[in-house]
Amino acid sequence: MGSVSLKIGDGTARFRRATLCSSALNILMLFSVLTTNLFALYAFTSSPKDHQNQLLHHTHKNISLISEQVSLILGEIAVSQRKLAKMEKELLGYETFDLSRPNLANELKLFLHHHQLPLGKDSKSGITEMVASVGHSCEKSVDFLSQYMTYKVSGPCPDDWSVAQKLILRGCEPLPRRRCFAKSIPKVGLFPFPISLWKPVSDKIVSWSGLGCKNFECLNNKKFSTRDCVGCFDLVNGYENQRFVKARSKNDFLVDDVLALGNGGVRIGFDIGGGSGTFAARMAERKVTVITNTLNIDAPYSEFIAARGLFPLYLSLDHRFPFYDSVFDLVHASSGLDIGAKPEKLEFLMFDIDRILRAGGLFWLDNFYCANDEKKRELTRLIERFGYKKMKWVVGEKVDTVGSGKLETYLSAVLQKPVRV
């Protein structure tokens with residue numbers, strides 16, 4: 001094999017010259033890049049001074065206009081938020097009270113004062129403070145309300161249920177809570193259920209304060225303004241113990257006939273303006289639970305119903321029913337359904353009845369008094385708007401129940417709520 005020789009002198013010289021050429025080329029390229037960037041920078045910044053000033057002026061002007069518009073929009077949003085907050089507080093009711101009034105009860109001021117939540121904003125409801133629940137119409141009867149809220153804390157409550165009911169009838173509902181002890185009457189002599197349904201109620205276990213009559217005998221002889229409670233407290237000798245099981249006219253439907261229309265699906269019901277609770281008693285005998293809505297107008301209805309072992313609900317018909325949607329199998333109502341005033345009030349009430357009645361449930365309109373043909377037509381048109389199926393529909397005349405002897409027109413109907421999708 002041949003040998004390899006390395007001449008350090010010439011080879012080293014050629015390597016050094018190549019390295020120097022490469023470095024020079026890199027320096028030249030770097031110089032070219034820098035020169036190009038400098039020319040580009042000069043080209044962008046070499047505009048006439050007047051033109052540059054004009055551009056800057058327009059830029060500042062546009063920014064100012066945008067800032068002004070943004071400020072205006074933010075201002076309008078803030079105003080709208082304040083208006084919405086004010087409207088919300090007015091609807092809630094507590095903001096309409098002037099708590100600085102000199103004659104306002106301290107307990108009322110304390111109840112209406114809203115309190116911040118201890119942990120700040122609630123993530124689920126979005127509220128930041130606890131607001132007193134009191135009807136917005138209470139502001140119109142603030143003197144009565146202040147009287148109602150004047151009492152000794154932790155002492156006995158004043159005997160003023162009539163003041164409370166007067167407030168409710170004026171739309172002041174719900175009433176504020178109180179920190180006093182209500183008078184308790186010993187309920188001696190109550191009968192066990194279901195015997196209690198048809199046993200006379202003792203005069204001694206109800207409150208007669210603020211009422212004209214002081215016993216049930218007086219009430220049984222009294223002519224009430226309402227047509228639904230004539231002799232309704234006499235559970236032994238009057239017609240009350242025959243209602244819903246024995247008809248006196250074609251308008252009187254029997255409870256078993258109506259239940260048969262429900263095909264065994266009636267379990268819970270709601271009775272509007274149920275007098276002394278006889279409808280609920282008849283349904284209880286048939287294992288159907290009924291809540292009876294009533295007020296103590298001229299008589300102790302609530303206590304009488306409770307003494308029979310039934311469930312009274314102390315509530316005016318101006319109040320939204322405190323039940324969830326579609327929970328009742330049956331709703332029963334009579335002339336107490338007519339809350340007078342404008343037809344719109346009855347319309348709102350009918351929509352609330354429809355809300356709590358389940359699909360397929362029964363609405364029993366029982367002897368609704370039609371003062372004239374126009375009243376009957378209005379009610380008929382209103383009912384037809386809901387699309388209910390007419391299971392029973394009877395219009396008839398009978399002698400009025402308040403003692404005038406005149407023939408009056410009554411409408412009775414059983415209607416089935418449709419399924420809506």
Work out how much length residue 355 to residue 124 would gain on full extension: take 0.36 nm times their residue separation and subtract the Cα-Cα distance, in nm to one decimal.
80.6 nm
Hey, got the dipole for region 262-331? About the Cα centre, +1 on K and R Cβ, -1 on D and E Cβ, debye to the nearest 20?
280
Before anything else, pin down the relative contact order of region 220-272: Cα pairs under 8 Å, at least 6 apart, normalised by residue count, whole percent.
16
Need the list of lysines near residue 417 for cross-linking: C-alpha distance under 30 angstrom, and skip anything on the same chain fewer than eight residues off.
246, 250, 287, 342, 345, 375, 376, 389, 390, 392, 398
Around residue 393, which amide H atoms from residues at least 5 apart in sequence, or from another chain, sit under 5 Å from its own amide H, with H modelled in the peptide plane?
414
Consider just the alpha-carbon atoms of region 139-218 and return their Rg together with their Dmax, both in angstrom.
16.0, 45
Using only the Cα atoms of region 164-210, what semi-axes does the equivalent ellipsoid have when each is the square root of 5 times a gyration tensor eigenvalue? Give whole Å, largest first.
29, 14, 11
Whichever lysines have a C-alpha closer than 16 Å to that of residue 187, once near sequence neighbours (fewer than 8 apart) are set aside:
199, 204
Out of residues 5 or more away from residue 326 or on other chains, whose amide H comes under 5 Å of its own, with H placed 1.01 Å from N in the peptide plane?
356, 357
Once the whole set of protein chains is in place, how much accessible area is left on residue 77, using a 1.4 Å probe, in Å² to the nearest 10?
80
Between residue 217 and residue 385, how many nm apart are label points set 7 Å from Cα along the C-beta direction?
5.0
Could you name the lysines in cross-link range of residue 121, using Cα to Cα under 28 Å and dropping any fewer than eight places away on the same chain?
83, 86, 89, 109
Karplus (6.51, -1.76, 1.60) ³J(HN,Hα), θ = phi - 60°, over region 362-371, in Hz, Gly and Pro reported as x:
10, 10, 9, 9, 10, 6, 6, 6, 9, 4
If I take every Cα pair under 8 Å that is 6 or more residues apart in region 173-248, average their sequence separation and divide by the length, what percent do I get for the relative contact order?
20
Compute the distance in nm between two label points, each set 7 Å from the Cα along the Cα-to-Cβ direction, one at residue 183 and one at residue 83.
5.1
Residues of region 150-164 with the amide nitrogen closer than 16 Å to a label point 7 Å from the Cα of residue 110, along Cα-to-Cβ, please.
150-158
Please list the non-local residues whose amide H lies under 5 Å from the amide H of residue 332, H modeled 1.01 Å from N, same-chain partners needing a gap of 5 or more.
270, 271, 272, 364
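The values are calculated or read from the model by the stated rules, or taken from the named source; none is laboratory data. For clarity, every value in this text was computed on a predicted model and none was experimentally measured. Heads up, the Cβs are rebuilt from the backbone with ideal geometry, glycines too, and the neighbour counts pull from every protein chain shown. When the accessible area is computed, the model is the full protein with side chains, heavy atoms only, and any ligands, DNA or RNA have been set aside. Shrake-Rupley method; radii C 1.70, N 1.55, O 1.52, S 1.80 Å.
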